[in-house]
Amino acid sequence: MYDRTLPSAIFELQQRAARLSAQFLTAYGEDGFAAQEIARELFGDLDETAFVPQSRRDKLEAAKPITIGDNVWLGGGVIVLPGVTIGENSVIGAGAVVTKDIPANCVAVGNPARVIKSI
């Protein structure tokens with residue numbers, strides 16, 4: 001999307017990233033090597049395990065579980081990091097990034113999410 005307030009260099013980088021993302025999506029199902037090269041161009045040199053599903057199945061690359069209690073409401077666009085527990089009856093505001101455990105019966109908002117109210 002064009003934003004006239006952005007410097008032209010940033011706009012060009014956005015356009016390049018959008019073009020490469022579209023190429024990646026096309027190549028992903030058809031040519032694994034081409035997709036890998038496009039991803040390298042987008043993100044830099046990644047560890048090979050990022051492209052090998054077997055490494056994830058073998059738990060060489062795994063994440064900690066996320067625990068969400070009963071009656072929890074997550075607003076739109078909330079990001080919950082691995083290993084976090086959100087207590088029951090809590091509300092997490094839209095766009096929050098939950099980096100640490102949130103106790104039960106509270107409202108948390110922000111980046112990083114902070115408890116602002118007990119309910």
Treat each spin label as a single point 7 Å out from the Cα along the C-beta direction, and report the Glu30 to Thr99 distance in nm.
4.1
Can you list residues from other chains, or at least 5 along the same chain, whose modelled amide H is less than 5 Å from the amide H of Val80?
Val98
Which semi-axis lengths, in whole Å and largest first, follow from the square roots of five times the eigenvalues of the Cα gyration tensor of the range 67-118?
13, 12, 10
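Values quoted throughout were computed directly from the atomic coordinates according to the rules given, and no laboratory measurement underlies them. All values derive from a computational prediction rather than experimental measurement. Note: ideal-geometry Cβ built from the backbone for every residue, glycine included; neighbour counts use all protein chains shown.
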